[in-house]
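Any read-out appearing in this document is the output of simple, stated calculations on the displayed coordinates, not a laboratory observation. From a predicted model like this one, the values you see are computed outputs, not experimental measurements. Here the Cβ is made from the backbone with ideal geometry for all residues, glycine too, and neighbour counts use every protein chain on show.
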Amino acid sequence: MNTKYIVSLGEILFDANPKKGILTIGGAPSNWAIDCHRLISNKNIKTVVVSAVGEDRLGRFVEDYLSNCKIGSLIANVPDKETGFVNVSYDEANNPHYDIVEPVAWDDIGFENASPEKKALLDDIRANCCAVCWGTLGQRSPVSRKFIQEFVSSITSPDALKVYDPNIRKEPDDETKEIIHKSLLLANTIKLAHDEVDTIGQLFDLFPAVNNSGENKGTKKDYLKRSKILFDQFPNLNIIIITLSNRGSHIFMRNGDTSSMKARNVKDAKPVGCGDSFLAGVIASLVSGKDLQYAHQKGTEVSRFVAQNDSATPDLLEELGIK
């Protein structure tokens, strides 16, 4: 049996957080891939991180880290740019602010000048991809944007999950709006936080906001109505996943199937990485042949566990694995 690949595309970077006093490796696509890898026990499904690093100490650390985690990787080496880096600072109200340094290596994801071995691996991954996940940030440069969009377009298997997780952090400009629109056309699965439902609805004049000032009070009926509009607007979409922070989540499918779950309270919850881990639980379950209810429950369980940890990608308990 051919190996099937779960693929993350986009940024891999380090957070420099003065509160933690250490550099921590991250980036939404790579967080998602790490959790998928830890959840799946099927030896015929392999997780692969596709990104780029500089020829520097942090770049070497990235490759060693992925290798030690036993995660597959296809990493472009960019000699004239540094490995991705984020400076974290805090305002007087203790709210974090992120300075995502640019340009960095993951702005130049591409394999035109790669070794024959890397090119052959890339072809194999494309041909046998069962799920791919990408976001908006990883497409901020024309080079990486072209690679990511061409990669997703090249996947022809009708069963492959093409998962777009926008992670919209600020008001989109015209260029970002175009990136979001193209990604929504390419995706058959999207994961949206409650405020992102409002952002996309307003950005493309599709529907009014569910929530006022991000208050997070939309009902299932509100989100179902807006999901039907998104299904009509973007013909490739089959699955819409909506997360509501501490209120829970909904999953809507084009065929009419739905699933809604409440979140269990976590004292002193750490939100970083929870959305990535939730999505990993859902997608890893679906590609493992599980049904919608199982997948939704798994995503909920994994994100709750991550919320109890300081790390965005803690080692997962054995019982959380997909049997």
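What does the highest-first list of 159-170, 273-284 look like by mean Cβ count within 10 Å? Before the final figure, lay out each step's value.
Values: 159-170: 19.1, 273-284: 28.0.
The peptides rank, most packed first, as 273-284, 159-170.
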Inset, instruction - Mind checking segment 51-106 for GluC sites (Glu not before Pro) that DSSP puts in a loop (not H, G, I, E or B) and that have at most 14 other Cβ atoms within 10 Å? - result: E55, E92
Legend entry - Under 19 Å from the Cα of K146 - lysines, other chains or at least 8 residues apart: K81, K118, K119, K162, K177, K182
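What's the ranking of 84-91, 202-209 by average number of surrounding C-beta atoms within 10 Å, highest first?
Values: 84-91: 16.2, 202-209: 13.9.
With the highest mean Cβ count within 10 Å placed first, the list reads 84-91, 202-209.
What translational diffusion coefficient, in µm²/s and rounded to a whole number, does the Stokes-Einstein relation yield for the chain at 10 °C and a viscosity of 1.306 mPa s, taking the hydrodynamic radius as the Kirkwood radius over Cα pairs?
80
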Legend entry - Estimated inter-spin distance, F61 and E171, nm [label 7 Å along Cα→Cβ]: 3.6
Legend entry - R0 of 41 Å, Cβ-Cβ distance S154-E92: FRET efficiency to nearest 0.05: 0.30
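As a footprinting exposure proxy, order S288, S157, S115 by other Cβ within 10 Å, with the fewest listed first. Could the numbers behind the result be given before it?
Values: S288 18, S157 13, S115 9.
Exposure proxy ranking, most exposed first: S115, S157, S288.
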Inset, instruction - Report, please, the projected area of segment 194-272 averaged over directions, based on the convex hull of its C-alpha atoms, in nm². - result: 5.8
Inset, instruction - Scan the chain and note any complete DSSP helix (H) whose C-alpha atoms cover at least 15 Å along its axis and whose Kyte-Doolittle average is 1.0 or more. - result: 274-287
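What is the mean projected area of the alpha carbon convex hull for segment 157-311, to one decimal in square nanometres?
The orientation-averaged projected area of the Cα hull of segment 157-311 comes to 9.3 nm².
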Inset, instruction - Set the Förster distance to 22 Å, then compute FRET efficiency between N42 and A120 from the Cβ-Cβ distance, nearest 0.05. - result: 0.40
Inset, instruction - With the cut-off at 13 Å, report for segment 155-202 the share of all Cα pairs above it, as a whole percent. - result: 58
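Below 8 Å between Cα atoms, with a sequence gap of 6+, how large is the relative contact order for the chain in percent?
Numbers: 619 pairs, mean separation 51.9, N = 323.
This gives 16 percent for the chain.
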